Amino acid sequence: MTSHTKRYSLLSAKFPTGNMNGWQERHTLAVRAPAGPEGPIVGLLDAWCQYANHHATRYDAGIGADYVLGPGWVQIGLGIRTLLNGESGRLDCGILDGFILDTLKAEGYDENGDRL
């Protein structure tokens with residue numbers, strides 16, 4: 001894999017603030033062993049990442065560079081981002097939202113799905 005391709009994983013989401021009241025452990029446990037409403041969210045995000053990773057491996061280019069598949073992949077990410085407004089269990093949706101936005105930006109898209 002060349003340097004312009006990235007591997008995405010939900011476990012690589014950044015924790016920008018302190019661990020007050022153990023929220024980071026709860027979030028990490030929810031990602032690793034989701035229960036209830038956490039399962040579908042984690043599954044969707046994991047599949048979204050896997051698709052981008054597979055594309056990067058197969059074509060040696062990021063999904064964002066694909067002018068056919070890239071926009072569809074972006075719309076899925078934006079749709080998942082909208083779903084974070086619903087029930088989420090122990091997941092920290094701010095972290096997940098940031099992860100989605102960072103992933104979109106790494107592929108050349110802004111928070112609205114427009115090319116940078």
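Each reported figure results from applying straightforward, stated rules to the coordinates on display, with no laboratory input. What you see is a predicted model, and the numbers here were worked out from it, not measured in a lab. A quick note on method: Cβ atoms are made from the backbone with ideal geometry, for glycine too, and the neighbour counts reach across all protein chains shown.
Would you point out the residue of the stretch 57-109, among those that are β-branched (Val, Ile, Thr), over 23 Å from PHE15 (Cβ atoms) and in contact with a Leu (Cβ under 9 Å, 6 or more places away or on another chain), that is surrounded by the fewest Cβ atoms within 10 Å (Cβ to Cβ)?
Among those residues, the one meeting the criterion is ILE76.
Residue-by-condition table, conditions (1) free of Cβ contacts under 8 Å to residues at least 12 places away in the same chain; (2) aromatic (Phe, Trp, Tyr); (3) in contact with a helix residue (DSSP H, G or I) (Cβ under 6 Å, 6 or more places away or on another chain):
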| position | (1), (2), (3) |
| --- | --- |
| TRP23 | no, yes, no |
| ARG26 | no, no, no |
| GLY39 | yes, no, no |
| GLY79 | yes, no, no |
| ASP92 | no, no, yes |
| PHE99 | no, yes, no |
| THR103 | no, no, no |
| ASP110 | yes, no, no |
| ASP114 | yes, no, no |
